[in-house]
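Enquirer: Can you read through this structure? Questions will come right after.
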Amino acid sequence: MEEKFNRLLFVPIAAVLFLMIGYQYVCPADSNTCYFRGDENGLFQRYSSGYDFVYPDDADEDLPSKITTKFNFTERDLDRHVDFNIRGDDVMVFLHIQKTGGTTFGRHLVKNIQLEQPCDCMPGQRKCTCHRPGKAESWLFSRFSTGWSCGLHADWTELTSCVPVVMNKRDKKSAQKSKRNFYYITMLRDPVSRYLSEWKHVQRGATWKTALHMCGGHPATQDELPACYSGDDWTGVPLADFLNCPSNLANNRQVRMLADLSLVGCYNMSSMSELERGQVLLASAKANLRNMAFYGLTEFQRKTQYLFERTFGLHFIRAFTQINSTRAASVGISEKVRWRIEGLNALDVELYEYAKELFLRRYQYQRQQQHQEERLRRRQLRQHRQRLHRTYWAQLFRLGAGAEEDEDQNEVINTLEEVATTEDYSSQVVRW
């Protein structure tokens, strides 16, 4: 009688122990799989299954919970993943547009990525050696790795025609034998902030007058790109004069540097009307940006880091920081001047609006993909551990109870399976 009572008492005790162990797998102490809330959303906060994504807190970045849809993007546009073969012949090409935070991002590429063979950056030298593991070949084409090999701040038109030739010469490979994948990346910035930052930079003496502006096999002529100043530079230029120069390359710089200039006759302004030229350039810039392996936005540093890591499968050592106290931010301008700048950069304004929506939707898509992957991994791990526990308890009962207690053993196993099922259902309720 007493032995029978002990066996029956063991059933609920084993069930409670199993439930406690199972709970630790579903909600481990160092996990945010489930946690209690006391607000109107209920006891548990879960990730939504639709596109109204609940974002993590980013103290330096504001992101609306719902993104206004203006442009039609396909899943292919949103799902960016590159199988970057750093050991093979793949090359990452950084298109560096002036005053978009490209210098900071460029330094991240050579000094802040976890690599099997990190870039070799010698103190006092501008360029780093970024070789593939076991090879004297560069996997990165950028200012801080290969220098301005295709010209100072080379644009999309220059890079796409120049980079393959330069890389083949550097690595001593013939064009016929080289089967490279070139992955273009860039950074964009709010057009007004970028424009003001360029004005302040030019005001301090920057000119970029050594830029080649190659297109169609030849550089732009002086008649095609007349200078805005007569001296060596434009030091001290007032904002009004900077705005009034019709040939100022700061105007719509981001569109021009991302578009295929051969579509509009390069820098020959007489090949088509200004309106038609602008439409062709904008469409080309959007297409090239959308098809690039990756681009980031200066205003969203952490999301830029996240998307880069998800796209290339590479990880940075230190987190990106958002610096909002820039020289452009310190410039106080009137609404009238702002409208003037936006008018001069109308193409850039539309491109940035397009780029920002695509960027945020890619971030949203990747976060959802990541959470789905994590849920699947946790479910598979939980199921595996449950199978191990059921096997363990079954073997334990077989060893301790004996053949004559099969009925009690089946009762215990059924009870444990019912508890496991209930626990799994409860975790699904939490997840929903």
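The values are calculated or read from the model by the stated rules, or taken from the named source; none is laboratory data. As the structure is a computational prediction, the values presented were derived from the model and not from experiment. Backbone-built Cβ (ideal geometry, glycine too); neighbour counts: all protein chains shown. Calculation scope for accessible area: heavy atoms of the full protein, side chains included, ligands and nucleic acids excluded. Shrake-Rupley method; radii C 1.70, N 1.55, O 1.52, S 1.80 Å.
Enquirer: Average projected area of the Cα convex hull of the range 267-349, in nm²?
Expert: 8.1 nm²
Enquirer: Which sequence of T207, T321 reflects their accessible areas, 1.4 Å probe, from the largest down?
Expert: Ranked from most to least accessible, the order is T321, T207.
Enquirer: Using a 1.4 angstrom probe with every protein chain in place, what is the largest-first accessible-area order of E357, E374, E335?
Expert: Reading off the accessible areas and sorting them downward yields E335, E374, E357.
Enquirer: Restricting to DSSP loop positions (anything but H, G, I, E, B) with no more than 14 other Cβ atoms inside 10 Å of their own Cβ, which trypsin sites (Lys or Arg not before Pro) remain in the range 117-152?
Expert: Sites meeting the loop and neighbour criteria: R126, K135.
Enquirer: For G296, list long-range residues whose amide hydrogen, built 1.01 Å from N in the peptide plane, is under 5 Å from its own amide hydrogen.
Expert: Distant-sequence amide H within range of G296: T186, M187, L188.
Enquirer: Need the C-alpha centroid separation for the range 330-394 versus the range 79-131, integer Å.
Expert: For the range 330-394 versus the range 79-131, the Cα centre distance is 23 Å.
Enquirer: Let me ask something additional. Per residue, how big is the convex hull around the C-alpha atoms of the range 192-345? Give it to me in cubic angstrom, could you?
Expert: 154 Å³
Enquirer: Using only alpha carbon pairs under 8 Å that are at least six residues apart, calculate the relative contact order of the range 98-142 and give it in whole percent.
Expert: Value for the range 98-142: 24 percent.
Enquirer: Quick one: which residues, 5 or more positions from Y183 or on another chain, have an amide H under 5 Å from its amide H? H modelled 1.01 Å from N in the peptide plane, none for Pro or chain starts.
Expert: Counting only residues 5 or more places away or on other chains, the set is V91, M92, V93.
Enquirer: Please give me the summed charge of the neighbours of G231: other residues whose Cβ is under 14 Å from its Cβ, Lys and Arg +1, Asp and Glu -1.
Expert: My count for the surroundings of G231 gives -2.
Enquirer: First select every other residue whose beta carbon is under 12 angstrom from the beta carbon of Q117; then total the charges, Lys and Arg +1, Asp and Glu -1.
Expert: 0
Enquirer: Can you tell me, using C-alpha contacts under 8 Å and at least 6 residues apart, the relative contact order of the range 148-261 as a whole percent?
Expert: 39 percent
Enquirer: For the range 344-396, with all protein chains present and a 1.4 Å probe, just round the carbon and sulfur fraction of the accessible area to a whole percent.
Expert: Taking all protein chains in place, the range 344-396 shows 50 percent carbon and sulfur surface.
Enquirer: To continue, here is another question. Order the following by accessible area, largest value first: T235, T129. Probe radius 1.4 Å; ligands, DNA and RNA are ignored.
Expert: Most to least solvent-accessible, the answer reads T235, T129.
Enquirer: Run the numbers on the range 289-354 and let me know its relative contact order in percent, using alpha-carbon pairs under 8 Å that are six or more apart.
Expert: 21 percent
Enquirer: Quick one: which of K99/K356; K169/K209; K135/K179; K169/K286; K70/K356; K111/K135 span more than 21 angstrom between C-alpha atoms?
Expert: Where the Cα-Cα span goes over 21 Å, the pairs concerned are K169/K209; K169/K286.
Enquirer: Net charge near H218: determine it from the other residues with C-beta under 14 Å of the C-beta of H218, scoring Lys and Arg +1 and Asp and Glu -1.
Expert: Value of the local net charge: -3.
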